[in-house]
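A quick write-up on the structure given underneath.
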Amino acid sequence: MFVTIDERISQAEALLMRTEERRQRLAGPLEAKEARSELGQFFTPLPVARFIAGLLDLPSHGTIRLLDPGAGIGSLTAAVVARVMCERPTVSVELVAFEVDPDLEPHLRKTLEDCQKTALSAGIEVRAETRQADFIEWASEEISGSLLSRPAALFSACVMNPPYRKVNNGGADHRALQRVGLNVSNLYAAFLALASRLLDEGGQLAAITPRSFANGVYFKPFREFFLREMAFDRLHVYEERGHVFAEAQVLQENVVFRATRQQPGPTVFLSSSARSAEESTEREVPYGAVVRDGDPNLFVRIPVDDDATAVAEYVAELPAQLTDLGIKVSTGRVVDFRARQHLRMDAEAGTVPLIYPTHLRNGRVVWPQPKSKKPNALLANQETASLLLPSGTYVLVKRFTAKEERRRVVACLVTSSDLPGARVAFENHLNVYHCGGEGLPDDLARGLAAFLNSSVVDRYVRQFSGHTQINAADLQHLRYPSVGDLEEAGRSLSGVETPNEYDFLEDLVDRPAPMSSLTGVLS
């Protein structure tokens, strides 16, 4: 049976439209279900499914053995089949699609049956298998007990929009992952790691996931494993946070990528777009610009433009680590729900100031905040003694910033003159820079706050951190100017107390403005 190119394209487009209509019909009732949130799964819109399927390098002949480990209603699989119909009519497809939710499995089956019938009408063979099963449980069994020994290769390609949910300690997923020696904190990382073990040499994985795997201590074991198995070929970021899964009200920064089971190539393609349907900008960078040689933490950076590359190179050349400065950074010691009985809304006899992020205003601590819903004080007694620090000069960085804040890193100074008494307590949503549990020298602290509040640091952090959380580990792994340069900047700021101090700090560190030189007071 002869089918023209135009007929195949028309049939493929109709398949995609039917699949998208099925997704839209189900998105409201099913994504609103409590179980949908519990499973951490969200359906893939058509523009995103097209994009992910388009990342795969299709063979010119033979068979694609395709895995879709969290298939939902099958949008990604349908997008791959449609692309084969349009571009590789001589290629057959063997696919396995997993879906753990029994409510979704019948809809997935309909999509796969539609894929088979539509492809067959164009003379293309598609053999499809639906498994209403837990992919993690199945994959851990397939891998047979140890990630050191590979199973027989099963797939040549994988597409996925994996579930976004924490792995519950002691739960079935956690036990299955322990059996294969995999230590990950989120299901999406588990899906990526297990799928990479089930690929042929040269097998490709195209996925959309949260960007949080790119940095942080919790995802370091995942990065160590994944980057031993896989190499990135392409990374794409959406500039508008939360747009991709807006229907499900998911405020998550996502990254789309393709990785191949092979040694890293010389370059990686990076791209970005404001929204999923809009035209993207693209550039090619050395692989080391994404995963830097010698980086013990294996952060994954995405410098999407020349300015970002210049920033990354500048920060990499800074001379100091925190240990060189004699400084440490830790999360605040007070976890309020654990210290609830010792919290006080207002200061009273026997209390010390308790600092929350709400007390940080325009680069300084403003305490107390009488109208705040947060406590202003903590009882000082034997039970809370380990939570207190001596009064002094500290640099504080919010662990979480609101999406409307123009800086990802928001640093503030607090000095002994800002607060009464000889001791102070910092709540757990703050990162605290200190010298062995005591305050910093004033000039050093002012210069450090200036550096942290600079656009250089902001642009650098955004390359690997796609969320609004900044952990102490991220700040520990940052490189810093020398003590002398920080103190010089701090002396320049001595006595500055204006409402525009935040801007002054930024100007001090960033001047002169051109990103090509990145010189100035801290160069």
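Just so it is clear, none of the values below were taken in a lab; they were calculated from the coordinates. Since we're looking at a predicted model, the values are computed, not measured. Counting neighbours? That spans all protein chains shown, and the Cβs are built from the backbone with ideal geometry, glycine included.
Of the chymotrypsin sites (Phe, Trp or Tyr not before Pro) found in region 329-429, those in coil by DSSP whose Cβ has at most 10 other Cβ atoms within 10 Å are Phe337.
Straightening the chain between Asp103 and Leu227 buys 41.1 nm, computed as 0.36 nm per residue apart minus the Cα-Cα spacing.
Computed with the Debye formula from one identical point scatterer per Cα of region 55-98, without solvent, the log10 of I(q)/I(0) at q = 0.26 Å⁻¹ comes to -0.94.
Summarising the label geometry, the points placed 7 Å from Cα in the beta-carbon direction at Lys117 and Asp57 lie 3.6 nm from one another.
Roughly what % of Cα-Cα distances in region 322-510 sit above 26 Å, to the whole percent? It works out to 28 percent of all Cα pairs.
Among 323-331, 182-190, sorting by the average number of other beta carbon atoms lying within 10 angstrom of each residue, highest first, gives 182-190, 323-331.
Using the Cβ-Cβ distance between Asn168 and Val335 with R0 set to 25 Å, the FRET efficiency from 1/(1 + (r/R0)^6) comes to roughly 0.75.
Loop-located trypsin sites (Lys or Arg not before Pro) in region 189-234 (DSSP state not H, G, I, E or B) with no more than 10 neighbouring Cβ atoms inside 10 Å do not occur.
Maximal additional length on extending the Asp305-Arg292 stretch stands at 3.0 nm, based on 0.36 nm per residue less the C-alpha distance. Here the spin labels are modelled as points 7 Å beyond Cα on the Cα-Cβ line, and at Val217 and Ser372 they lie 2.5 nm apart.
Between Ser416 and Arg131, the simple spin-label model (points 7 angstrom out along Cα→Cβ) gives 6.5 nm. Each of the peptides 156-166, 341-351 was scored by the mean count of other Cβ atoms within 10 Å over its residues; in descending order, highest first, they stand as 156-166, 341-351.
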